[in-house]
Structure formats: C-alpha cells, structure tokens
Amino acid sequence: MRTAPTMLRRDRNRPVGLVAVPPSLIINKYDVILVGGGPGGLSSAVYLSKKGLKVKVFEKKKLLGKPVRCGEYFPVKEEMVRLLPRVKCIDIIDAPDDSVDSKCKSIRLVSPRGHEFEFPFAAYILDRHVFESHLGDIARSNGADIDVGVQAHFYPDEEGGWVGPTREQADHGEIIIAADGYPSETAERAGLPEREYAGPYTVATNIEYLMTDLGVEQDVAEMYMDPRYSPGGYGWIIPKGHGRANVGIGIREPYVRRNWQIRELLAGFIDKNKVAAQRLRGGQKASLIGDSLPVDGPLARTYTDRVMAVGDAAGMVMPTNGGGIQTAMITGRLAGEAAVRYFEEKTPLSSYEEAWKDQIGLEMENSKRMRQASDRLMGHGFVFDMMLRLMGTKRIADVIMCQVPSGMGLFVNMMA
Ligand SMILES: Cc1cc2nc3c(=O)[nH]c(=O)nc-3n(C[C@H](O)[C@H](O)[C@H](O)COP(=O)(O)OP(=O)(O)OC[C@H]3O[C@@H](n4cnc5c(N)ncnc54)[C@H](O)[C@@H]3O)c2cc1C
C-alpha cells in the first residue's frame, strides 16, 4: 500500500489533471518525469517516490537493464567511501545478493609490454538486469509509474514540459530529469551543452563480448593498457562467475591508426594481446554489445529552471576508469534531493549542481586532468609502459581511483 505523502501538495489518489474525453487525450500530470530507467534515473525514482512525489519513468528497453551494455563492475561501498569521501548518500551504493554474479578482491593492470600491477580493491560484478529490476521494483512499490518499451521525447514548456512517445501522447512533469544516457536528447532539448561536449577525445566507444567456458581467475578484474588493440582507452576482463567474463575494449578515435574497425580491434585484443590471449584461450563468445561513453567529466552545466541531467546524460563518468554506475546513482539521488527542495521550499534546481560539485566535483576534476595528462603518453606503447613502471603499483592505483598520486601534482598539471 502506498504510504501517505509527506509533502505532496495534491491528493495523489485523485488522478491530477485528468481531462474527461476522449481517452486518447487524457493528460497525466506528474511532479517529476524521468527519461531513462538506468541506474541514474531509477535511483532518482526510488528517492522521489519514497518522498511521496508523483513520479514517472520512461524506459525504451522492454526490460530494465536488458540488454546489458556494461562491464558490470561495481565497487563495494567501503571502496566508494575511499574514492568519493564527501558523498553523503553513500549508503545507496549497495546491491542485493541476487544481483551479484561474482565478487572481485583486486584489480590487476597489465601494461603495454605485459608488466602486471595488482592492488586490492573489492567489487561486485553485477547482473545489471536483476540490479535495475530491483531498483524499479522499489520505485514501483512506492507508487512510481514506470513505462518500459517506450522511447520518450521531451517537449519543454514554461512549467516543466511534456514527455512521451509523441507530443500528443505525452504526460506533463513540473520537473524533468534527463537520465537517458549519452548522448542525451533530453538534455539537449533542455538547452544543456550536450552537443558542445561531443569530441573525439571526450567520448569513448566501447565494445564487449560476454565470453563463456573460460578458465580466468574469478576474483581479479583485469585492465589492459594496449595501444594496439584499445587505442586511447583500455581493455578489460571482468569475471562473472561460472567461467564467464565480460571482455571488452574502450577506444577513442584520434588514437586509432589506419582504418581499423572496432570489432577487429576487439578480436585482436582477444587473440593477440599476449597476456589476454593466454587467459582467454578456449573461450566462447556469447553476445556482443557496444555503446559510447562520455569521458571528459561533467557537462559545463547540468540544470535549467526545470530540468536536471544525471549520470551519463550529464557526463558523470570517471574519466580515468570509465566507471559510471555509481556516479549515475549518486547524481540521480542528488537530483532527487534537489527536486524535493524545489517542491518544499522553492529552492532553485541550481542546488543540484552545487551538491554534486560539493560531493564529487573534486574527484571528477582530478580524474579528468589525469586522463588528459595520460592522453599525451597513451599513443606511445614504450613510453607509456616505462611511465607505468616508474609510477609503480600504488600510484597507478591512485590514478585509476581518481586521486592525484603523491608527488605527481605538478606533472599532472603540466601535462593536462
Ligand atoms: C561497454 C561498457 C562497459 C561499461 N562498464 C562499466 C563498468 O564495468 N562499471 C561501471 O561503473 N560503468 C561501466 N560502464 C558505464 C556505465 O554503463 C554507465 O556509466 C551507466 O550505465 C550510467 O547510468 P545511467 O543511468 O546514467 O545511463 P544508462 O545506464 O545508459 O541508462 C540510460 C537509460 O535510458 C534509456 N533511454 C535512452 N533514451 C531514452 C528515451 N528517449 N526514452 C526512454 N528511455 C531512454 C536507455 O535505454 C537506458 O536504459 C560501461 C559502459 C559501457 C558502454
């Protein structure tokens, strides 16, 4: 049963704003409409619905989280506390047991020449379909409407805007949250600088196989710095239990030499990277996915009077490691909190941007600068390899975890 709203300004049992006839013209009014039911949108929906707001989520996939387009690597809460120490809502970083396929205890980085650097880092490997379905169930049980299988578009007006498959079939929301991933049509229609963000260095293209019948270690996630087969990015082997692993590469266009296709690069990584090929011998390729990812830090502006952008739609991916599930959840939650302040106290939505800058801004900025600094070396396998060896395991771990390594601040500033 839905609990009594703590702060809603309307009787939520009465369908607000229903127009009598014809049925095709029935208008549903919502406090908040979210475009996109990934971890960012669903985290907002969970928070907002628990607060008693009238919430709707549009998700174009027929099933939440499926098909999976992700390595599904999800650092545990204790690691996130170290990584993002100022986040106040860190308790949301959790995954129910049935959404966890396996657990990793460390990360191993493999250099271009096959040197290995391993450090402890605990993470769950998720089944994102189960994980996102779980978030969806919580939001629904608190009264949120979630329409799956609907590709929705945003039609702004002065009181928020309309969202639906067409303008005629749209619902009205006072606040709209763009949680539709990258690139976000919703953010762009709201006038946020989504298009200005796009660029060959700022967006990575990722492609990944789910592989089976593997003998890879099941508790170590591996990152491969390999300019030949993951130019401008890295390759990964993320074990998923029962001999399975997500095996992929991320690349950026300026680093791709000749006319190579990304599938050929992934095949090269699997068959020809000396270390990876050995690990993956005998494995079967079960399914292939690909997607683009913003890796230049947050958009220059993430809100308007009535719209906030969260997760990938706002560029909230950690540029040095490409991780975005957690930052999507955190920014989704922070946007939810800002929406509540808006309805309770008329606080402008700028409070959302203030909150994320305060809680994750420094780490996102550090991570972006370190990505920019390493951009200068990434194309040169030998130099990059030497640099990694000079840095050693502790400093490599710092960079991956968005911290400027001790003694390297000046170097990063000069190179970025
Ligand atoms: C190959 C690959 C591997 C990755 N591996 C990892 C990893 O291991 N760990 C990690 O932390 N991050 C990883 N990431 C990044 C991570 O997947 C994203 O950062 C994260 O999913 C962002 O969450 P989100 O909710 O912002 O966006 P998304 O998860 O992209 O969710 C957006 C949702 O919006 C929906 N949508 C889009 N447009 C519309 C529309 N018009 N109407 C309705 N619905 C719409 C989409 O279907 C999607 O479900 C990876 C990314 C890729 C591409």
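The values are calculated or read from the model by the stated rules, or taken from the named source; none is laboratory data. It should be emphasised that the depicted structure is a prediction, and the values quoted were computed from it without experimental measurement. Positions of Cβ are generated from backbone atoms using ideal geometry, with glycine treated the same way; all protein chains shown enter the neighbour counts.
Evaluate the following for residue 201: is it more than 9 Å from the ligand (Cβ to nearest atom), surrounded by fewer than 18 Cβ atoms within 10 Å (Cβ to Cβ), closer than 24 Å to residue 372 by Cα and among the hydroxyl-bearing types (Ser, Thr, Tyr)?
Against the criterion (more than 9 Å from the ligand (Cβ to nearest atom), surrounded by fewer than 18 Cβ atoms within 10 Å (Cβ to Cβ), closer than 24 Å to residue 372 by Cα and among the hydroxyl-bearing types (Ser, Thr, Tyr)), residue 201 qualifies.
Residues that are part of a loop (DSSP other than H, G, I, E, B) and more than 12 Å from the ligand (Cβ to nearest atom) within segment 52-94 comprise 52, 53, 54, 76, 84, 85, 86, 87, 88, 89, 94, listed in sequence order.
Within segment 206-225, is even one residue of a type in the set (S, T, N, Q) and under 22 Å from residue 371 (Cα atoms)? For segment 206-225, residues of a type in the set (S, T, N, Q) and under 22 Å from residue 371 (Cα atoms): present. Of all residues assigned to segment 263-282, none qualifies as being surrounded by fewer than 24 Cβ atoms within 10 Å (Cβ to Cβ) and closer than 30 Å to residue 46 by Cβ. Being crowded, with 16+ Cβ neighbours inside 10 Å, within 18 Å of residue 240 (Cα to Cα) and aliphatic (A, V, I, L, M) is a condition met by no residue of segment 78-88.
What number of residues within segment 17-41 are modelled with pLDDT under 95 and within 15 Å of the ligand (Cβ to nearest atom)?
0
Here's the yes/no breakdown for (1) touching a helix residue (DSSP H, G or I) at 6+ places or on another chain (Cβ under 8 Å); (2) on the phi > 0 side of the Ramachandran plot; (3) at pLDDT 95 or above; (4) assigned to a helix (DSSP H, G or I):
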{"site": "101", "(1), (2), (3), (4)": "no, no, yes, no"}
{"site": "109", "(1), (2), (3), (4)": "yes, no, yes, no"}
{"site": "125", "(1), (2), (3), (4)": "no, no, yes, no"}
{"site": "130", "(1), (2), (3), (4)": "yes, no, yes, yes"}
{"site": "135", "(1), (2), (3), (4)": "yes, no, yes, yes"}
{"site": "147", "(1), (2), (3), (4)": "no, no, yes, no"}
{"site": "151", "(1), (2), (3), (4)": "no, no, yes, no"}
{"site": "161", "(1), (2), (3), (4)": "no, yes, yes, no"}
{"site": "172", "(1), (2), (3), (4)": "no, no, yes, no"}
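Here residue 280 does not qualify as more than 12 Å from the ligand (Cβ to nearest atom) and touching a Lys or Arg at 6+ places or on another chain (Cβ under 9 Å).
The single residue among 44, 49 that is crowded, with 20+ Cβ neighbours inside 10 Å and more than 11 Å from the ligand (Cβ to nearest atom) turns out to be 49.
Of the candidates 326, 278, 284, the single residue that is free of Cβ contacts under 8 Å to residues at least 12 places away in the same chain and of a type outside the set (Gly, Ala, Ser) is 278.
Would you point out which residue out of 259, 321 is out of contact with any strand residue (DSSP E or B) (no Cβ under 7 Å at 6 or more places or on another chain), within 11 Å of the ligand (Cβ to nearest atom) and more than 30 Å from residue 342 (Cβ to Cβ)?
321
Scanning segment 253-270 for residues that are under 17 Å from residue 281 (Cα atoms) and β-branched (Val, Ile, Thr) yields a count of 1.
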